[in-house]
Amino acid sequence: MNATSPLIITDAQLNASFSLIHEASRNDPAPSLALRRQRLDAMEALLRENSPAICAAISADFGHRSTHETQLLEIFPSLEGIRHVRNHLKSWMKPQRRSVSLWFQPGRAEIRPQPMGCVGIVTPWNYPLYLAIGPLTAAFAAGNRALIKMSEFTPSIATLFAELAARYFKADELAVVGGDHELAQAFTRLPFDHLLFTGSTAVGRQVMKAAAENLTPVTLELGGKSPAIIAPGYPIAKAAARIMAGKCLNAGQTCIAPDYVLLPAGEEENFIAAARAVVASSYPDLERNADYTAVVNLRHANRLRGYLDDAREKGARLVPLADATPNEVGPQRLAPTLVLNTNAQMRIMQEEIFGPLLPILSYTHIDEALSYVNAHDRPLALYLFDHDKARIDLVLDQTIAGGVTINDTILHIAQDELPFGGVGPSGMGHYHGREGFLTFSKQKPVFYQSRINGIGLFNPPYGKLFERLIKVLLR
């Protein structure tokens, strides 16, 4: 790394940058609408003017990722999020009037959104740009300044993003942090005014514990095993096409990728045939296909191979969906693979997969599928393929998940008007759109006492008039 790189890699640099940004946020606690829009405009310019370099850096970190996939999954939604926030920011910043109880009229009440101050954002490796820009958009819109901790697994985009941040923003507005897990731990121990973490549930627990030392409020975007349920009567080929599309994006390295499928008993072979056709059409010649993303590093690739070996040893049937066995595509390229005849003892059914492997489970009645989902941790996402309105409502009412897409996958995260977040082990809190603005704002309640008021009637000494009034209040 260049010695003059603005990427923060030491404790001393981290502490100095935090102090600078923290002090600046205290000195300017209420940035104007114009300044907030200026920061959003700078973020948009950063993305538009450096798209080729961003795509190249992310591809270098992954070993290969299609430029088109990065444009579609990282740059496009980042720009859309900025546009949406900028268009609505003026109205979001306005105080909201609230009603006043009869006993306190003619006073008035309102909620005034106020910046939290200095925000920390911990970004994972799987979508290193989008999962930095998304929270940052919300933080800037709410009037905050920020430090972003990038993943140690994506050093190229971390270095580039730090350079771009230094070019487009002042040092007391935004800083980018690199470094290993020890620096990440130091980052989460800082007394931020709000801390957002995206990553695994296990690490999320440690982040929450570190933040608790400073009573720092946290938003945790975690993961889990997100089910895709195919209802009886729904076209299997159509469901398989959408499930495999969601699963193969970024080679399954997506926190809301379908983690397993629940389908009606007897439809397994139909699903296999349809899934194989989708992969053959979308990713011909998988080993050399430029549209198929590599697993981020050999360690994670070997973790996924370990799932397959463990499942095979415990009786599973592995069905690679390409003209290669799962281990023959390349060191960091794994063929999309279906796993059938699974059981609860298999690691692939116990841990979030985060790769192009997809267990297939069958059920005889939809209640059985719902019971299976509800017997496990609440997922970050749930997908249902069904045209029956009553059954759709049943599934929505009887399951709890961070978010849901009906008759497709992934797409609820792309809706700017919908909050994104988990529940229970899959996370807490939300961002995106207005919910992101609210997450990074203190909703300050304000009461304005009227010049003419009766509050003096409730002051001591208490006499007969007070006794009559309190009887009215307590009736």
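Derived scalar couplings between HN and Hα for segment 6-15 equal x, 5, 7, 9, 10, 4, 5, 4, 4, 5 Hz in order, rounded to whole Hz, by the Karplus curve 6.51 cos²θ - 1.76 cosθ + 1.60 (θ = phi - 60°), x for Gly and Pro.
Cα gyration tensor of segment 227-415, axes a ≥ b ≥ c as square roots of the eigenvalues: rounded (a/c below 1.5), prolate (a/b > b/c) or oblate? Prolate is the answer for segment 227-415, as a/c is 1.5 or above and a/b outweighs b/c. Modelled label positions at Gln38 and Asn459, each set 7 Å beyond Cα in the direction of Cβ, lie 4.6 nm from each other.
Computed from Cα atoms alone, the Kirkwood hydrodynamic radius reported for segment 100-147 is 13.3 Å. Panel values: segment 253-361, Kirkwood radius from alpha carbon pairs, Stokes-Einstein at 10 °C and 1.306 mPa s, translational diffusion coefficient 113 µm²/s.
From the coordinates of this entry, percent of Cα pairs over 43 Å apart is computed, and it appears in [x] 24; [y] 19; [z] 12 under the label [x]. What is the Cα centroid distance between segment 387-401 and segment 224-259, reported in whole angstrom? Centre-to-centre (Cα) distance: 17 Å.
Amide H contacts under 5 Å for Val122: Lys149, Leu196, Phe197, Thr198, restricted to partners 5 or more places along the chain or on a different chain, H placed in the peptide plane at 1.01 Å from N. Evaluating 6.51 cos²θ - 1.76 cosθ + 1.60 at θ = phi - 60° for every residue in segment 369-378, the Karplus couplings come out as 5, 5, 4, 5, 4, 6, 7, 10, 4, 5 Hz, glycine and proline recorded as x. Under 5 Å between amide hydrogens, built in the peptide plane, is the criterion, and for Asp259 it picks out Ser226, Ala228 among residues at least 5 positions away or on other chains.
Taking the charge dipole of segment 1-159 about its Cα centre, with +1 at Lys and Arg Cβ atoms and -1 at Asp and Glu Cβ atoms, the residue from Asn126, His88, Leu136 reaching farthest to the positive side is His88. Only Lys, Arg, Asp and Glu carry charge here, each on its Cβ (+1 for the first two, -1 for the last two); on that basis the chain has a dipole of about 2340 debye about its Cα centre.
Each residue in Leu396, Leu164, Leu334 was given a count of other beta-carbon atoms within 10 angstrom of its own, and listing them fewest first yields Leu396, Leu164, Leu334. Quick one: if the Förster radius is 56 Å, what FRET efficiency do Ala30 and Ala60 give, using the C-beta to C-beta distance and rounding to 0.05? Between Ala30 and Ala60 the formula returns 0.85.
Of the trypsin sites (Lys or Arg not before Pro) found in segment 74-154, none is in coil by DSSP with at most 13 other Cβ atoms within 10 Å of its Cβ. Across segment 185-198, coupling constants 3J(HN,Hα) worked out from phi with the 6.51/-1.76/1.60 Karplus curve, θ = phi - 60°, read 5, 4, 4, 6, 8, 6, x, 5, 7, 7, 10, 10, 10, 10 Hz, and Gly and Pro carry x. Between Glu110 and Val404, the simple spin-label model (points 7 angstrom out along Cα→Cβ) gives 3.8 nm. Note on segment 227-415: with charges restricted to the Cβ of Lys and Arg (+1) and Asp and Glu (-1), its dipole about the Cα centre is near 380 debye. Note on Val100 and His68: with the Förster distance fixed at 35 Å, the Cβ-Cβ geometry gives a FRET efficiency of about 0.05.
For Lys94, the lysines whose Cα falls under 24 Å of its own Cα, not counting residues fewer than eight places away in the same chain, are Lys442, Lys444.
Between rounded, prolate and oblate, where does segment 1-63 land on the alpha carbon gyration tensor, with a ≥ b ≥ c its root eigenvalues, rounded for a/c under 1.5, else prolate if a/b exceeds b/c? Oblate, because a/c is 1.5 or more while a/b does not exceed b/c.
Between Glu23 and Ser281, the FRET efficiency from the beta-carbon distance, with R0 = 60 Å, is close to 0.60. Annotation: amide H-H contacts under 5 Å for Val404 (H modelled 1.01 Å from N, sequence separation of 5 or more, or interchain): Leu382.
When the chain is described by a simple charge dipole with +1 on each Lys and Arg Cβ and -1 on each Asp and Glu Cβ, the residue from Ser362, Asn343, His376 located farthest towards its positive end is His376.
When its C-alpha radius of gyration is set against 2.2 N^0.38 Å (N residues), segment 92-200 gives a value of 1.38.
Any read-out appearing in this document is the output of simple, stated calculations on the displayed coordinates, not a laboratory observation. Since the model is a prediction, treat every value here as computed from it, not as a measurement. All Cβ positions, even for glycine, are placed from backbone atoms using ideal geometry, and neighbour counts span all protein chains on display.
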